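Read through the structure below, which is laid out as structure tokens, and then see the notes.
The values are calculated or read from the model by the stated rules, or taken from the named source; none is laboratory data. All figures in this text were calculated on a predicted structure; none of them were measured in a lab. Cβ sites come from the backbone with ideal geometry, for glycine too, and all protein chains shown count toward neighbours. In case anyone asks, the SASA skips ligands and DNA or RNA and just uses the protein heavy atoms, side chains included. Shrake-Rupley method; radii C 1.70, N 1.55, O 1.52, S 1.80 Å.
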Amino acid sequence: MSLRDLVYGAYGRRIETSLDPTDVPRHVGVILDGNRRWAKAYGEQPAEGHRKGADKIHELLGWCEEVGVEVVTLWLLSTDNLNRPPEELADLMEIIENAVRDLAATRRWRVHPVGALDLLPEHTATVLKESEAATSDIKGVLVNVAVGYGGRREIADAVRSLLQEHAERGTSIAELAEVLDVEHISEHMYTRGQPDPDLVIRTSGEQRLSGFLLWQSAHSEFYFCEAFWPDFRKVDFLRALRDYAARHRRYGA
């Protein structure tokens, strides 16, 4: 262990001990960004960056457990990412499948896929569904794995589901329009029944949501970290929590 690691370890412990448990977010969303740029910086192929990023997931979830986070949403693949070159996409799907299987195999976390599974290769969708079923009895941190996820697509799917539900009941469009409110749509989102994210973290220095949890993040706090996702450290995570705890959430009041 280097001197740098020792210093950052001590610094991280100081931040951790200063955190008030009542200020820890219940739900943390993470945009795992920068895998390809990490690979390029180290002279590696994109697939190696994605593998290193996948290896980091277990560490993050362990940190979340330690501080008491209840729900974590990990954005692993967007709908836009489905347009990447076929060879890269095939590698990425395999890496995601292995990562999700590994999460389920630990028996520590409850896996819940969120996204348009119908857009994914059948094998990938099957792995996601099987991992959810295999961990449905777990009481640990709920881990939303966002694969084939897009915020606009989620809202469109929610509205479509709502309309289908009311059509089956025989409700007319006019009748639905009279009673429709925010909660009706929320009940059809991928994350229905869960608390909205209190904190959204994005790595790699990019400062935008890119469609991540558009509906649910209306009152979220955002933290942007310069590190590429494979280089994200516990001290970076703790800094995000410290920054979150220092903010005064007013919810428009």
So the check is Cβ under 8 Å with 6+ separation or different chains; which pairs have a first residue in segment 232-253 that's in a helix (DSSP H, G or I) and a second one that's open to solvent by 80 Å² or more (accessible area, probe 1.4 Å) and modelled with pLDDT of 95 or more? Lys234/Glu59
Which listed residue, of Glu183, Glu178, Glu165, Glu132, is surrounded by fewer than 19 Cβ atoms within 10 Å (Cβ to Cβ), touching a Lys or Arg at 6+ places or on another chain (Cβ under 9 Å) and either outside any helix (DSSP H, G or I) or of a type outside the set (A, V, I, L, M) (or both): Glu132
Note down all Cβ pairs under 8 Å where the first residue falls in segment 47-72 and is open to solvent by 20 Å² or more (accessible area, probe 1.4 Å), the second is among the β-branched types (Val, Ile, Thr) and outside any helix (DSSP H, G or I), and they're at least six residues apart or on different chains. Glu65/Val141; Val67/Val24; Gly68/Val24; Glu70/Val141
Any chance Phe224 is open to solvent by 20 Å² or more (accessible area, probe 1.4 Å), at pLDDT 95 or above and over 14 Å from the mean Cα position of the chain (by Cα): yes
Can you tell me how many residues within segment 72-115 are out of contact with any Leu (no Cβ under 9 Å at 6 or more places or on another chain) and either on the phi > 0 side of the Ramachandran plot or among the small types (Gly, Ala, Ser) (or both)? 5
Reported set for segment 186-196 where residues are not in a helix (DSSP H, G or I) and not charged (D, E, K, R) is His188, Met189, Tyr190, Thr191, Gly193, Gln194, Pro195
Residues (in contact (Cβ under 8 Å) with a residue 40 or more places away in the chain and open to solvent by 80 Å² or more (accessible area, probe 1.4 Å)) located in segment 186-208: Asp196
Could you check Gly211 against (1) under 22 Å from Ile15 (Cβ atoms); (2) surrounded by 15 or more Cβ atoms within 10 Å (Cβ to Cβ) and say which number it fails? (1)
